[in-house]
Amino acid sequence: MFRRTALILSALILGIIGCSQQTAPVDIEAEKTAVAAVLANYVDAVEKEDMNLYSAVMSHDSTMINFGSTGDPIIGWEALKKVIENQNSVFNNIDINVGDVRIHVASGGGIAWATSLWTFNALASDKSVSLPVRCTWALEKDKNIWLIVHFHKSVAAG
């Protein structure tokens, strides 16, 4: 009898402790604002060819996979870093016009995804380049910091 009573009391105490330690609700709008800031920093990093800022907004996971508007999948941070450094050596005067940004944050507040439309303008060998780019983003919150863990860019046909 004592053993059964002790088990029931233990279960009740654990239940009460578990209920009292629930996390506060996630402020989805504040998280969307934070994600928007990360995406804006990404654009700034590309336009200014700022590898330190680029590094700060990206995950450094060796298994992440990203897709640029052309070429093979980009696997891992080191490969992505090389692609961006190469892009910086090819393009000058980069200007990205961003539109139609749509940000979604999961109810738990740790995962977000977004879409946007870019017009990527730059000079390559003194020739003007203007590309309509469709962007999809996936972000994770790590130690209270949003990081881009995946992107997929494609150039609109036509």
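The values are calculated or read from the model by the stated rules, or taken from the named source; none is laboratory data. Small disclaimer: the values here were computed from a predicted structure and weren't measured. Every residue, glycine as well, gets a Cβ built from its backbone with ideal geometry; the counts of neighbours run over all protein chains shown.
Considering the stretch 66-79, the residues that are under 18 Å from V133 (Cα atoms) and not hydroxyl-bearing (S, T, Y) include one that is modelled with the lowest pLDDT, namely G71. The set of residues in the stretch 63-80 being among the small types (G, A, S) and part of a helix (DSSP H, G or I) consists of A79 alone.
For the stretch 52-65, the count of residues that are modelled with pLDDT of 95 or more, surrounded by 11 or more Cβ atoms within 10 Å (Cβ to Cβ), closer than 23 Å to W146 by Cβ and touching a His at 6+ places or on another chain (Cβ under 8 Å) is at least one. For I74, state whether it is of a type in the set (A, V, I, L, M), more than 16 Å from the chain's Cα centre (by Cα) and surrounded by 12 or more Cβ atoms within 10 Å (Cβ to Cβ). Criteria not met by I74. Test A124 against the stated conditions and say whether it is closer than 18 Å to K153 by Cβ and either surrounded by 12 or more Cβ atoms within 10 Å (Cβ to Cβ) or not hydroxyl-bearing (S, T, Y) (or both). Yes. Within the stretch 118-141, the set of residues being out of contact with any helix residue (DSSP H, G or I) (no Cβ under 9 Å at 6 or more places or on another chain) and in contact (Cβ under 8 Å) with a residue 60 or more places away in the chain comprises L131, V133, E140. Do we have any residue at all in the stretch 151-158 that's surrounded by 12 or more Cβ atoms within 10 Å (Cβ to Cβ), touching a Phe, Trp or Tyr at 6+ places or on another chain (Cβ under 9 Å) and of a type in the set (K, R)? Scanning the stretch 151-158 turns up at least one residue that is surrounded by 12 or more Cβ atoms within 10 Å (Cβ to Cβ), touching a Phe, Trp or Tyr at 6+ places or on another chain (Cβ under 9 Å) and of a type in the set (K, R). If only residues of the stretch 28-49 that are among the charged types (D, E, K, R) and within 13 Å of A112 (Cα to Cα) are counted, the one that is farthest from the chain's Cα centre (by Cα) is E29.
Please go through the stretch 48-62 and pick out each residue that is of a type outside the set (F, W, Y), closer than 19 Å to V133 by Cβ and either in contact with a Gly (Cβ under 8 Å, 6 or more places away or on another chain) or assigned to a helix (DSSP H, G or I) (or both). Within the stretch 48-62, K48, V57 meet the criteria.
When you check I103 against the structure, is it surrounded by 18 or more Cβ atoms within 10 Å (Cβ to Cβ), more than 10 Å from the chain's Cα centre (by Cα), at pLDDT 95 or above and not in a loop (DSSP other than H, G, I, E, B), yes or no? Yes; evaluated as a whole, the condition is true for this residue.
Would you pick out the residues in the stretch 40-63 that are in contact with a helix residue (DSSP H, G or I) (Cβ under 9 Å, 6 or more places away or on another chain) and of a type in the set (G, A, S)? If the condition is that a residue be in contact with a helix residue (DSSP H, G or I) (Cβ under 9 Å, 6 or more places away or on another chain) and of a type in the set (G, A, S), then A45, S55, A56, S59, S62 are the ones that fit.
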